[in-house]
Amino acid sequence: MVGVGTKLLEDFSKQLQIDDPEERRMISGVTWDQYEALLEDFEDRPGYRIAFLDGMLEIMSPSRRHEISSENIGRLLEVYFEEMRIRFWGLGSTTFRRAERAGGAEADKSYNLGTEKEFPDLVIEVIVTSGGG
């Protein structure tokens, strides 16, 4: 038998998913120059993540659940790094791109470990699903 508290929690979880959608749009046939122009256009519009690989562009608007998970994972990692005395640089959701590989992405969180480098040693990408069952 399902308890009242469990039922309320399930209803609340379903309502959160309805009220807090994670939106994604995919566009194919995009050139590198179009990708870079789009990054410039979106530079002053926080809240969007843009990824590009081999002519495929993804624009994502993360949900609140996505951002909470990303921040919590980041905080846990940083506490671990500090406890283990691992030198780190948090790069956040910096856009990393390489024209010669026709690819670019923004991680949810990224870190350099030991020394500062051009590209991160550790990248965190949170995927929010509707769950099972």
The simple spin-label model distance between L76 and T115, using points 7 Å out along Cα→Cβ, in nm, is 3.1 nm
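Expressed as a whole percent, how much of the Cα-Cα distance distribution for the stretch 42-133 exceeds 17 Å?
Tail of the P(r) past 17 Å holds 57 percent of the pairs.
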Largest first, how would I73, I59 line up by accessible area (1.4 Å probe)? I73, I59
Checked against the positive end of the charge dipole of the stretch 36-133 (+1 on Cβ of Lys and Arg, -1 on Cβ of Asp and Glu, about the Cα centre), the farthest of F52, A99, S63 is S63
Between R98 and E67, the two model label points (7 Å from Cα along the beta-carbon direction) sit apart by a distance in nm of 3.1 nm
Explain nothing, just the number: relative contact order of the stretch 20-124, from Cα pairs under 8 Å at least 6 residues apart, as a whole percent. 24 percent
At 0.36 nm per residue, and after removing the present C-alpha to C-alpha distance, how many nm does the segment from E23 to W89 gain when stretched out fully? 20.8 nm
Report T95's accessible area, 1.4 Å probe, all protein chains in place, as a number in Å² to the nearest 10. 40 Å²
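The values are calculated or read from the model by the stated rules, or taken from the named source; none is laboratory data. Just so it is clear, the model here is predicted, and its values are computed rather than measured. Positions of Cβ are generated from backbone atoms using ideal geometry, with glycine treated the same way; all protein chains shown enter the neighbour counts. Keep in mind that these areas ignore ligands, DNA and RNA; they rest on the heavy atoms of the full protein, side chains included. Shrake-Rupley method; radii C 1.70, N 1.55, O 1.52, S 1.80 Å.
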